[in-house]
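The values are calculated or read from the model by the stated rules, or taken from the named source; none is laboratory data. For clarity, every value in this text was computed on a predicted model and none was experimentally measured. Cβ atoms come from the backbone with ideal geometry, glycine included; neighbour counts cover every protein chain shown.
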Amino acid sequence: MSEIPPQGAYLAKTCPQAVQLEVLHPCEPLPRSPFMAMLGQEGRDFETQVVDMLVAAVPGAVVVDRDLSRSGREASTLGALERGVPLVIGGRLPVDETAHRTGEPDLLVRSDAIDPSTTERGYLPVEVKHHGTLQTKKNEDADGAVTSSPEALFLGPSGPDTELEAQWRWPDLMQLAHYQRMLEACGHASRRGRWAGVVGREGLVVWHDLDAPRWGLTEYIDDRPRQPLSTMEAYDLEFGHRLAVVDAALVHTSDPAAPLQAQPIAVDGCPECGWREWCFGRMEETGDLSLLPGMAMVKRRRCYDRGVTTMEEMASLDPTTARLLAAGVDLDGFLAKAGACAPSTPVADLLSRRPKQVATLEAEGIRTAADAAHIDERTRTFGDARLTDLPTHIDNARARLGPQPAYRRRGADRVTVPRADIEIDVDMENVAAGCYLWGTLFNERDASDAVGSEYVPFVSWDPDTARGEIEAFLAFWEWLTDLRREAAKRRTSLLAYCYSKGAENGQLRRLAALCGLTDDVDELLHSDQWVDLYPIVKQQLVTGHGMGLKTVAPIAGFTWRGPEVGGDLAMVRYIEATSAADEPVRDEARRWILEYNEDDVRATAALREWLDQRAGLLPSIDDAVPTRSRSSNG
């Protein structure tokens, strides 16, 4: 290996491409988003609260001075460990030059915190995280969560909780495994077992056995073991892989002919990565498969294994053959029998013992042995790929490469959407503490078929979000209930619309339970008057992109007023709207939130109108025939 500088605890959980670009630095990365900056500050504030509590509660705890130099902090930390203090806060472990590791664990806890009977004085790493660490047990046979109260660490763990289990979060555990290896390298790891803890929002230390088999590996690792790996085993492989990426990138900087080990791939973490614009530009140029909706890394790898590496190649596959594979038809067996029979032999005679497969083949126009010629050989190589959604990927690739912004799905001869005399578009805004805004667009059609629209928000700017959300919800619910009641009295049709109902439904049910309105809310949610536009779009159209409102509404010609919009930014603006010291800042944040929310409900209205009027004129995806990059029979 080249002279790799010591790497921190985040390396093992970071996208290899981002690791590579940190070395190559082909451009300046984008700055951190306001939302991520907000989360970072919330995390630091939470850590400060936990530290203050621990300093007061644990006699002999040592807080390492952050103003010291790195070497000074290392020396201070090592000295505290050698003295056997019960708790080290904010330490910096000695750099492990051999393994290329550096690290600064939030807490280092003496091992008698989890085993008070021991006289051994090794240490356990603990991280403070501003998220949940426990969940209701999903399996009765699962091990209960082992927890300790932070302020009483050295009374030992409370014992397994019979109702709860630990949340095993990959990023947290990779970070803790890094610190465990560093403790081992400097000789201060506990010999009572590799245990590590996370202090989360529940206010408990939740302990994890780092040697318990828990994980498969990410798709970045070639030749992955089949058996579940412990956190330590998984960490070693992931960290080692990224060290190799760094090494190759360093060599490449001196010798541009030397190969790199990572490539841009669209993953869940891309939206908040500073390198996203650079990577997405390259992925668009190459037509990378990961740009297709639902093309997870494991699926992408299976496509690569069969020689399909670009969207153009995916689009060139045969949808009929793909549908037969997805339906479970044994094409190998069918082709073998067809090749041994007269061309006119009916499929029903070839597969007399498989009536379901016969029906599937005949439905796709394959009725005789001669029709076996329509089976595409290249697509047939996916028979063992376990890609039941291959037909969808083919259509998505064709739609993304085609000249139209969207296409009708196969079998969708027309596009339909429920309509009513009174139409109400609904979109809520929330933060972690609660739901503070129910925005609505009231649309009513008059006798001349003209539609009048009015934006009606129900909002609370009370800094006590838990109190304000009740006020906003009750006002919204009373308004909607009155409209429904009046419409029923007038025998006027009324529909209320949202886009992707999961968020709205969850908040409605939660608030209904708080306000004693569960039955009333459930009645609406189970009625025909509550319409989710998301499945209506998804079941009838294909775009080759995601189906979120911010992606689909522009196809209908709608644009948001602000250049930067999104629910994450709205959370940041809400803090300004309720907590900013300056009144002009509060007023501007409130104006922004209401404008953004109004645009969201107007977007659903515009989308609905487009679906009802012009979307039906879109061509079918059947007509999006690609220019094939390789020869194919389909």
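One table, with the values for the structure above:
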quantity	calculated
Sole exception among (1) among the hydroxyl-bearing types (Ser, Thr, Tyr); (2) surrounded by fewer than 17 Cβ atoms within 10 Å (Cβ to Cβ); (3) under 22 Å from ASP623 (Cα atoms) for THR388, by number	(3)
Lone qualifier among GLU28, GLU42, GLU97 - being loosely packed, with under 15 Cβ neighbours inside 10 Å, touching a His at 6+ places or on another chain (Cβ under 6 Å) and more than 22 Å from THR147 (Cα to Cα)	GLU42
Test: LEU335 is touching a residue at least 60 places away in the same chain (Cβ under 8 Å), farther than 18 Å from GLY411 by Cα and not acidic (Asp, Glu)	no
Candidate set: segment 184-206, residues that are in a loop (DSSP other than H, G, I, E, B) and free of Cβ contacts under 8 Å to residues at least 60 places away in the same chain; chosen: the one farthest from SER148 (Cα to Cα)	GLY187
Extreme residue, surrounded by the most Cβ atoms within 10 Å (Cβ to Cβ), among residues of segment 400-431 that are part of a strand (DSSP E or B) and touching an Asp or Glu at 6+ places or on another chain (Cβ under 6 Å)	ASP427
Within segment 502-543, tally of residues that are more than 19 Å from ARG414 (Cα to Cα) and either modelled with pLDDT under 95 or part of a helix (DSSP H, G or I) (or both)	22
Test: residue in segment 329-342 that is β-branched (Val, Ile, Thr), touching a Ser or Thr at 6+ places or on another chain (Cβ under 6 Å), under 18 Å from GLU377 (Cβ atoms) and in a helix (DSSP H, G or I)	no
Selection within segment 448-491 - within 13 Å of ILE424 (Cβ to Cβ), touching a residue at least 60 places away in the same chain (Cβ under 8 Å) and in a helix (DSSP H, G or I)	LEU483, ALA487
Count - residues of segment 251-278 that are more than 21 Å from the chain's Cα centre (by Cα) and either assigned by TED's automatic domain parsing to the domain that holds GLU219 or farther than 11 Å from VAL19 by Cα (or both)	10
Residue within segment 248-262 that is buried (at least 20 other Cβ atoms within 10 Å of the Cβ) and not small (Gly, Ala, Ser) present	no
Residue tally, condition assigned to a helix (DSSP H, G or I) and buried (at least 20 other Cβ atoms within 10 Å of the Cβ), over segment 350-367	4
Residue count for segment 373-385, restricted to those that are over 30 Å from the mean Cα position of the chain (by Cα) and surrounded by fewer than 22 Cβ atoms within 10 Å (Cβ to Cβ)	7
All positions within segment 165-183 that are small (Gly, Ala, Ser) and either at pLDDT 95 or above or farther than 16 Å from VAL205 by Cβ (or both)	ALA177
Single match in ALA370, ALA397 (criterion: out of contact with any His (no Cβ under 6 Å at 6 or more places or on another chain), buried (at least 22 other Cβ atoms within 10 Å of the Cβ) and either not assigned by TED's automatic domain parsing to the domain that holds ILE593 or not in a strand (DSSP E or B) (or both))	ALA397
Residue in segment 566-613 that is surrounded by the fewest Cβ atoms within 10 Å (Cβ to Cβ), counting only those that are without any contact (Cβ under 8 Å) to a residue 12 or more places away in the chain and not in a helix (DSSP H, G or I)	ALA581
Criterion (surrounded by fewer than 17 Cβ atoms within 10 Å (Cβ to Cβ), under 22 Å from THR551 (Cβ atoms) and not small (Gly, Ala, Ser)) met by exactly one of ARG282, ARG300	ARG282
Any hit, segment 312-319, residues being polar (S, T, N, Q) and either surrounded by fewer than 18 Cβ atoms within 10 Å (Cβ to Cβ) or not in a helix (DSSP H, G or I) (or both)	yes
Scan of segment 125-164 for residues that are modelled with pLDDT under 85, outside any helix (DSSP H, G or I) and of a type in the set (Asp, Glu), ordered by number	GLU140, ASP141, ASP143, ASP161, GLU163
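Yes/no per residue for (1) under 29 Å from PRO5 (Cα atoms); (2) out of contact with any strand residue (DSSP E or B) (no Cβ under 8 Å at 6 or more places or on another chain); (3) of a type outside the set (A, V, I, L, M, F, W, C):
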residue	(1), (2), (3)
VAL206	no, no, no
TYR235	yes, yes, yes
VAL245	yes, yes, no
VAL267	yes, yes, no
GLY294	no, yes, yes
GLY307	no, yes, yes
LEU317	no, yes, no
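Table: residues versus (1) farther than 21 Å from CYS435 by Cβ; (2) out of contact with any Asp or Glu (no Cβ under 9 Å at 6 or more places or on another chain).
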| site | (1), (2) |
| --- | --- |
| TRP461 | no, yes |
| THR465 | no, yes |
| ALA496 | no, no |
| VAL521 | no, yes |
| GLN540 | yes, yes |
| GLY548 | no, yes |
